[in-house]
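Take a look at the structure set out below.
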Amino acid sequence: MDLAFTTQEQAFRAQCASWFGQNLPGPLASMDTPEGFEQHRAWEKRLHDAGWSAVNWPRAFGGREATLIEWLIFEEEYYRAGAPRRLNQNGLFLLAPTLLEFGTEEQKQRFLPPIASCDEIWCQGWSEPNAGSDLASLTSRATRDGSEWILNGQKTWASRGVYADWMFGLFRSDASSERHRGLSYILVPLDAPGVTVRPIAQIDSEPGFAEVFLDDVRVPVANTLGPEGDGWKIAMSTAGFERGVVLRSPGRFMATADRLLELFKERGSPAALQDDVARAWMSADAYRLATFWAVSKLMDGGTIGAEASLNKLWWSEMDLYMHETALRLLGDDATLDGPWLDGFVFSLAGPIYAGTNEIQRNIVAERVLGLPR
Amino acid sequence: MRFQPTADQQLFARTVRELLEKECPPEAARAGFSGERWAKLREMGMIDMLASGMTEIDLVPILEEAGRAALPEPLIEAALIAGGALDGVVTAAVGSRFVAHADVADVIVIERDGALYSVRREAVTLQPVETIDAARPVFLITGGLESGTVLEADRDLADNRATLGAAAELLGLASRSIEMAADYAKERHQFGKPIGSFQAVKHKLADALLHVEFARPVVYRAAWSLSQRDETIERDVSMAKAMAGDAAAGAAKAALQTLGAIGYTQEHDLHVWMKRIWALNAAWGNPDQHRARVASAVIA
């Protein structure tokens with residue numbers, strides 16, 4: 001065990017910090033507004049041109065082959081510098097790891113570089129009006145017609161779906177199948193005939209969600225990720241990335257925890273909140289340590305299974321707790337527009353997306369503790 | 001940076017688990033201190049780990065195993081406070097007014113004016129204290145504190161090491177309590193189903209496990225800071241004790257609620273683990289005291 005960063009890791013950190021020091025944009029509008037979307041896309045281009053958009057990917061696809069530890073260092077420096085939220089996070093953090101694991105060489109070459117450059121924005125097409133927590137009950141279907149799928153159905157809660165170019169979706173490709181069997185993981189261009197995208201205003205008034213309607217949409221069978229009918233397995237791998245370390249690296253939460261300490265020092269009261277502030281900071285630091293722990297395990301050849309659900313419970317509830325504590329410190333100012341209020345509203349979504357925390361607790365109980373279904 | 005126990009550390013922990021499964025089954029954990037077992041711990045090298053060149057990091061998995069077994073011997077005191085340097089049965093009154101297992105000790109480490117001394121048990125006057133954990137009897141020293149031989153040891157380091165040791169034992173105690181509850185929830189049927197199939201039970205135990213799993217890396221980080229004599233020892237040790245203590249107290253409560261009435265008896269083993277959790281959670285500073293120490297370190 002060695003918690004000291006190597007010389008190479010320290011050099012990497014210095015390189016990140018120096019680049020952010022010189023290239024950080026000023027504050028951007030919300031990425032869910034047309035103006036903010038373009039600002040975020042421009043920032044992503046700048047990141048990509050300098051080779052920072054997907055540091056741990058293979059060079060061939062736009063990465064710089066950083067280790068997972070270096071990736072965590074990148075994330076720490078990214079959020080310490082106060083850099084903007086990542087516009088293509090569904091593509092970068094959810095689809096890309098899945099493509100790298102299950103995609104054909106052709107698929108990787110076709111889809112990964114435009115994710116890194118943010119030329120193609122992705123959304124997730126899993127939930128349906130009647131299939132949320134019970135995802136395996138989904139009914140959107142893919143019917144085979146020669147070398148094409150014909151897609152029909154309705155997907156919903158697709159974050160950034162309004163701006164997305166592509167959707168990775170889960171479809172029932174075997175009409176006689178039930179539940180987890182007979183599903184396929186299909187990559188769908190949202191400009192295909194028969195696709196209708198309807199924005200849904202979120203509680204912050206921005207169209208953060210979309211509903212996606214599919215009426216006889218034709219896509220090549222070559223857009224299937226992994227074997228036909230194996231979609232559930234592939235999707236659960238994506239879900240592992242979503243709940244595990246990849247989507248929510250500790251850098252962002254540590255930055256929030258440090259801002260919370262500053263807020264407490266600045267306000268100085270109520271003193272009774274000192275214990276809650278310490279608790280919040282400790283939760284974020286514990287998450288950082290748990291992430292280095294998990295990443296070290298992966299680098300030593302280990303795997304992370306259902307434990308990813310523990311991770312999701314921790315970061316989502318810790319993020320909410322930090323923001324609630326900040327709002328309590330702000331007293332009267334708590335409902336004023338600003339980063340704490342924005343962050344609070346965003347953190348409220350954490351226990352819901354990527355599988356509700358009730359589902360995560362079921363997974364932990366059943367697959368880690370072995371309790372009966 | 002590599003933040004995982006090494007293969008050697010994991011192997012030693014497995015060996016210790018096997019030894020304790022044999023030497024300290026639940027009925028032995030209930031019965032309390034055993035001189036015969038103490039000799040075996042010595043033989044295994046578990047008492048003089050620090051003296052034989054192991055680091056605080058090596059000790060964490062061993063202490064966690066001791067917690068899993070609810071080992072009723074003063075391992076924290078002998079191995080971490082005395083550092084394995086003293087012969088016989090060793091306990092200590094450092095960082096605490098109370099001395100565990102003083103009745104069976106040959107030697108007691110005490111503190112005076114910021115230094116550590118070893119005294120023979122016969123040289124001090126002991127007063128037993130009624131306490132929750134019968135397998136870990138505690139005493140007050142009411143006389144003889146002016147005697148003893150000075151030890152070449154840093155008082156604060158010893159205190160921080162003991163606090164780390166308690167945090168590590170709490171992790172093991174908590175893990176085992178959750179396992180007992182999960183085992184029971186699989187077996188016990190009500191309404192025609194195992195109670196573990198009900199979400200109210202599942203979610204309670206999942207939460208208990210969550211806090212234990214997130215406390216573990218925190219405990220290892222504190223061990224790392226100690227092994228490096230980092231400037232952040234106090235903050236990191238306090239964070240470890242606070243989080244392991246809260247996690248263990250939560251695990252005890254969740255386990256008891258899962259077991260229901262049988263958990264509230266001495267017929268089931270859970271009470272032995274629960275009582276040790278309460279005892280170690282209060283010893284060497286409770287979670288609130290340690291969180292206050294973290295707060296003053298980070299909100300400077």
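The values are calculated or read from the model by the stated rules, or taken from the named source; none is laboratory data. As the structure is a prediction and not an experimental result, all values here were calculated from the model. Neighbour counts run over all protein chains shown; Cβ positions are idealised from the backbone, glycine included.
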Task: Unique residue being facing another protein chain (nearest Cβ under 10 Å) and within 24 Å of B:Lys275 (Cα to Cα) when the list is B:Ala135, B:Ala208, B:Ala168 - done: B:Ala208
Task: Conditions (1) away from chain B (no Cβ under 13 Å); (2) closer than 30 Å to B:Asp183 by Cα; (3) part of a helix (DSSP H, G or I): number failed by A:Ala354 - done: (3)
Open item on the list: Looking only at the range B:9-43, how many residues end up being charged (D, E, K, R) and without any contact (Cβ under 8 Å) to a residue 24 or more places away in the chain?
Closed with: 9
Open item on the list: Criterion first (among the aliphatic types (A, V, I, L, M) and touching a Pro at 6+ places or on another chain (Cβ under 6 Å)) does B:Ala135 satisfy it?
Closed with: yes
Task: Search result, residues across the range B:225-251 that are part of a helix (DSSP H, G or I) and among the acidic types (Asp, Glu) - done: B:Glu234, B:Asp236, B:Asp246
Open item on the list: Looking for something assigned to a loop (DSSP other than H, G, I, E, B) and of a type in the set (Asp, Glu) - is there at least one such residue anywhere in the range B:115-130?
Closed with: yes
Open item on the list: Taking the criterion of being assigned to a loop (DSSP other than H, G, I, E, B), closer than 16 Å to B:Glu77 by Cβ and touching a residue at least 60 places away in the same chain (Cβ under 8 Å), would at least one residue in the range B:155-169 satisfy it?
Closed with: no
- [ ] State whether the residues of the range B:252-260 include one that is within 24 Å of B:Ala92 (Cα to Cα), out of contact with any Cys (no Cβ under 8 Å at 6 or more places or on another chain) and surrounded by fewer than 23 Cβ atoms within 10 Å (Cβ to Cβ).
- [x] no
Open item on the list: Of everything in the range A:325-338, what is without any contact (Cβ under 8 Å) to a residue 12 or more places away in the chain, touching a helix residue (DSSP H, G or I) at 6+ places or on another chain (Cβ under 9 Å) and not small (Gly, Ala, Ser)? Give them in sequence order.
Closed with: A:Asp333, A:Thr335, A:Leu336
Open item on the list: Between a residue in the range A:361-373 that is at the interface with chain B (Cβ under 7 Å from one of its Cβ atoms) and any residue that is in a loop (DSSP other than H, G, I, E, B) and buried (at least 18 other Cβ atoms within 10 Å of the Cβ), which pairs come within a Cβ distance under 7 Å, given they are 6 or more apart or on different chains?
Closed with: A:Ala365/A:Leu371
- [ ] Specify which of the listed residues (A:Gly62, A:Gly91, A:Gly51) is in contact with a Ser or Thr (Cβ under 7 Å, 6 or more places away or on another chain) and among the small types (Gly, Ala, Ser).
- [x] A:Gly62
Task: Residue selected from the range A:257-311 under the condition of a type in the set (Lys, Arg) and within 27 Å of B:Gln289 (Cα to Cα), by the criterion modelled with the lowest pLDDT - done: A:Arg267
Task: Members of the range A:159-175 that are of a type in the set (Gly, Ala, Ser) and in contact with a Ser or Thr (Cβ under 8 Å, 6 or more places away or on another chain) - done: A:Gly169, A:Ser173, A:Ala175
Open item on the list: I'm checking my understanding of the structure. Among residues of the range A:306-340 that are more than 20 Å from the chain's Cα centre (by Cα) and aliphatic (A, V, I, L, M), which one is nearest to the other protein chains (Cβ to nearest Cβ)?
Closed with: A:Leu329
Open item on the list: Given the condition among the aromatic types (Phe, Trp, Tyr) and at the interface with another protein chain (Cβ under 10 Å from one of its Cβ atoms), answer yes or no: does some residue in the range B:224-247 qualify?
Closed with: yes
Open item on the list: On the basis of being at pLDDT below 95 and either of a type in the set (Asp, Glu) or assigned by TED's automatic domain parsing to the domain that holds A:Thr291 (or both), does A:Glu35 make the cut?
Closed with: yes
Open item on the list: Conditions first: (1) at positive phi; (2) in contact with a helix residue (DSSP H, G or I) (Cβ under 7 Å, 6 or more places away or on another chain); (3) modelled with pLDDT of 95 or more. A:Asp216 passes all but one, so which condition is the exception?
Closed with: (2)
- [ ] Determine which member of the set A:Asp285, A:Asp216, A:Asp258 is charged (D, E, K, R) and farther than 29 Å from A:Pro84 by Cα.
- [x] A:Asp216
Open item on the list: Every residue in the range A:64-118 that is outside the structural domain of A:Gly51 (by TED's automatic domain parsing) and acidic (Asp, Glu), please.
Closed with: A:Glu101, A:Glu105, A:Glu106
- [ ] Check off (1) crowded, with 16+ Cβ neighbours inside 10 Å; (2) touching a residue at least 40 places away in the same chain (Cβ under 8 Å) for A:Gln109 and give me the number that stays unchecked.
- [x] (1)
Task: Residues (within 14 Å of another protein chain (Cβ to nearest Cβ) and acidic (Asp, Glu)) located in the range A:4-42 - done: A:Glu9
Open item on the list: Among the residues of the range A:256-305, what is the count of those that are surrounded by fewer than 21 Cβ atoms within 10 Å (Cβ to Cβ), more than 9 Å from every other protein chain (Cβ to nearest Cβ) and hydrophobic (A, V, I, L, M, F, W, C)?
Closed with: 6
